[in-house]
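First the structure, in the form of structure tokens, and then the observations on it.
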Amino acid sequence: ERATGTVAVVNTSQQTVLGEVTGLGDLSHASVVFSRDGASAYVFGRDGVLTKVNVLTRRIEARTLQAGNSIGGAISQDGKLVAAQNYEPGGVKVFDAQTLAPVADIPAEYAPGKLSRVVGLADLPGKRFVFSLFDADEIWVADLSQDPHAPTIQKFTQIGHQPYDALVTPDGRYYIAGLFGEDGL
């Protein structure tokens, strides 16, 4: 419920609202990902707030202001890490999925002093995340498998103009980014 900053928990089999969670802030461009067991929802607010909601009790379990402007995130395949993609300051921040304690900060600095807005964040097998740098025309893969606090970054440059929405194929092999600034993928 974007206009009111509320999340509704719905029983889709019986078509009933089980309850609501209020006080989630600016949800104008919010997105939600779920824990692997479906008991928790991670709400990424446009205002940069990441909120962990217990779907069963319909209560907020943790909340952190992690950026100035955020537009989404992903959860690692093992369910232990949550990553947020940010427009401002530009980059990805990674948190412990249980506590929302900070784990890693990945600034999207593509040139000295220049940060890109990050879009298209998705999880990959093996504690890795892939994302697009809209302003830099790049795609990065962050590998947190060896040391989550110091991820290694693989950078793909010259991938087309303004990569935007993206997805990973079900087998985890391909990342496909749409290009906002040109026709193509």
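The values are calculated or read from the model by the stated rules, or taken from the named source; none is laboratory data. Predicted model only: the values in this text are computed from it and were never measured. Note that we place each Cβ from the backbone using ideal geometry, even for glycine, and neighbour counts take in every protein chain shown. What goes into the accessible areas is simple: the full protein's heavy atoms, side chains included, and nothing from ligands, DNA or RNA. Shrake-Rupley method; radii C 1.70, N 1.55, O 1.52, S 1.80 Å.
See the values below:
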| quantity | calculated |
| --- | --- |
| Proximal charge balance of G5 [Cβ under 14 Å; K/R count +1, D/E count -1] | -1 |
| Local electrostatic count at S40 - Lys and Arg +1, Asp and Glu -1, tallied over other residues with Cβ under 14 Å | +3 |
| 1.4 Å probe accessible area per residue over the stretch 54-185, in Å² | 52 Å² |
| Distance between modelled label sites at R58 and R173, nm, 7 Å Cα→Cβ extension | 4.4 nm |
| Farthest positive-ward along the stretch 83-185 dipole, Cα basis, beta-carbon charges - from F129, V141, P151 | P151 |
| Globularity ratio of the stretch 93-143, using Cα Rg and 2.2 N^0.38 Å | 1.21 |
| 18 Å Cα-Cα reach of K127 towards lysines, excluding residues that sit fewer than 8 places from it in its own chain | K80, K93, K155 |
| Within a Gaussian network of the chain (alpha carbon springs, distance under 10 Å), most fluctuating of T99, T152, T16 | T16 |
| Accessible surface of the stretch 1-141 [probe 1.4 Å, protein heavy atoms]: carbon and sulfur percent | 49 percent |
